[in-house]
Amino acid sequence: MYSICLGRREEVLKALKSNNIGVIAIVDRRYPRPSSKFYNYFHHVDDISDFEIVRAVCEPYIKNLNICSVIAPGESSILTAGQLRDTYGIQGRGYKISLSLRNKFEMYKVARKNNIPVADTLFVSLLEDAEMFIRTKLKQGKTCIAKPVSGFGTSNVMKITSINDWYQYKYLYLTDKTFFMRDGVILQEFVEGAEYHIDAVIQNSKIQFISISRYLKNNLGFNSHKMVGSVMLLESDLEYSVLKKFNEDVVQAFGICHGVIHHECFLNELGNPILGEVAIRPGGNYIPEMIENATNINLYDIFVKVENQIPVAIHHQKLNESHGYVHIPIHRTGNVKKLVPSDDLLKLEGIIDVRYEISEGQDVSEARYSFQRAGVILGKAKSSTELQKILKKACLLSYPIIESEE
């Protein structure tokens, strides 16, 4: 049996191999080739979101090998995977459901149809309508966000607090030729409130596992605060039951029968949940590692099993400690003169691991997106509130000394 894996996420490739499934790895040319020990066949393609390009590469394998699944471990290949499954009769989610979990405008239409609360949203078809939408919100004392219909994370997402912000973003929209902007942009009213992520496993239309976490700071403000991380909620946390029920409603609304989801949402000022977005893949950054530290559940392995219809049995665990992580930030461009020694950070109460991804003497660029980092700090504490304080302190103490060339 072979799986076509549309992406280079090595944890997923490794999980396929450990489940005795052969791997045909198809990777966008913008990214490097993964280690050869994780695949049987490999191809670079110019654009992994282009179905016809990927189809031309995959068709000979589909005709000559026993293909059991098509896996999309990243956002840009989700629709391609759905089209391949539909075209060749391969088990798994087809294009229609995949579209509602990839195209943000379609996602919000499905949500509204099923009474899932979402922020007021405008698909920008006319620039004049966009400006009117923003001016109306600003007049009401509100702000907006602009983001690509087919984006992911905070890439090309901007908070609009003035009409000049919109003019700046409009220029980006009209001149950016990357795939981020290809399907257009949407405007939304900005939700004032805490941001959460819910990571869940669904099989046979049943939620087998759920983890609910609160971001240390809202990701949209990353460029000003440079703090990326989250802490897992305990069942005793006040928000837990509200968000658990909200996630059940979201899974039902989108008709998700199987998959690992990363669901982002907010609690507004009234404590009501508002949908951010739903991704049909494991969460990014160190979210899977954080969850494994707390539960011994490897989301990458579960993801592979569920996508290949291998039964999983996950026993409910009531956590007694909150686990979390925070990135070590790259706060400026320049040469790394000194990193805070890992041993110094490990002396802080609650810190259990420190991992650097850069080294002294290395030239780095200031992080522009929330997935860019110097490293990560992992921690645990008796409560999510206590851990949040610990990780914020550790982050502030971890700033590398970076000497600018100016």
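Coordinate-derived values only; no laboratory data. Computed from a predicted structure; not experimentally measured. Counting neighbours? That spans all protein chains shown, and the Cβs are built from the backbone with ideal geometry, glycine included.
Tabulated data for the structure shown
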item	result
Relative contact order, percent, the range 291-374 [alpha-carbon distance under 8 Å, six or more residues apart]	30 percent
FRET efficiency estimate (nearest 0.05) - Cβ-Cβ, Ser155 to Ser359, R0 22 angstrom	0.25
3J(HN,Hα) from dihedral phi, the range 22-34, Karplus parametrisation 6.51/-1.76/1.60, rounded to Hz, x for glycine, proline	x, 10, 10, 8, 10, 10, 4, 4, 5, 10, x, 5, x
Packing-based order for 160-167, 385-392, 273-280, using average beta carbon neighbours within 10 Å, highest first	273-280, 385-392, 160-167
Amide H partners (placed H, <5 Å) of Gly7, local residues excluded	Ile26
Order by protection proxy (mean Cβ within 10 Å, highest first), peptides 183-189, 226-232, 333-339, 294-300	226-232, 183-189, 294-300, 333-339
Ratio of the Cα radius of gyration of the range 120-189 to 2.2 N^0.38 Å, where N counts its residues	1.00
Too-long pairs where the Cα-Cα distance tops 32 Å, listed order kept, from Lys37/Lys96; Lys206/Lys382; Lys104/Lys382	Lys37/Lys96; Lys104/Lys382
Estimated inter-spin distance, Lys347 and Glu10, nm [label 7 Å along Cα→Cβ]	3.2 nm
Tyr31 versus Asn164: modelled label distance in nm, points set 7 Å from Cα along the beta carbon direction	3.8 nm
Per-selection metrics, the range 193-403 (Cα): Rg and Dmax in Å	17.6, 54
Alpha carbon centroid spacing (whole Å) that separates the range 328-406 from the range 114-143	37 Å
Debye equation applied to the C-alpha atoms of the range 260-305, log10 I(q)/I(0) at 0.24 Å⁻¹	-0.86
Two-site FRET efficiency, Asn204 against Leu238, from Cβ-Cβ distance with R₀ of 41 Å, rounded to 0.05	0.85
The chain - charge dipole about Cα centre, Lys and Arg +1 at Cβ, Asp and Glu -1, debye rounded to 20	420 debye
Vicinal HN-Hα couplings computed from phi for the range 187-200 (Karplus, 6.51 cos²θ - 1.76 cosθ + 1.60; Hz; Gly/Pro x)	10, 9, 5, 6, 8, 7, x, 6, 10, 10, 10, 10, 10, 9
Highest-fluctuation residue, Gln317, Gln309, Gln372 considered, GNM on the chain with Cα pairs under 10 Å	Gln317
Spin-label model distance (nm) - Gln317 vs Asp46, 7 Å beyond Cα toward Cβ	4.7 nm
Contour minus Cα-Cα distance for Thr87 and Lys109 (0.36 nm per residue)	5.4 nm
Histogram of C-alpha separations across the chain, 10 Å bin width, %	4, 21, 31, 29, 14, 2, 0
Within the chain, helix-based [θ] at 222 nm, where runs of 4 or more DSSP H residues each add -39,500 (n - 2.57), nearest 500	-9500 deg cm²/dmol
Largest-first principal axis extents, alpha carbons of the range 2-100, Å	33, 28, 24
Backbone N within the range 16-33 under 12 Å of label point (7 Å from Val57 Cα along the Cβ vector)	24-33
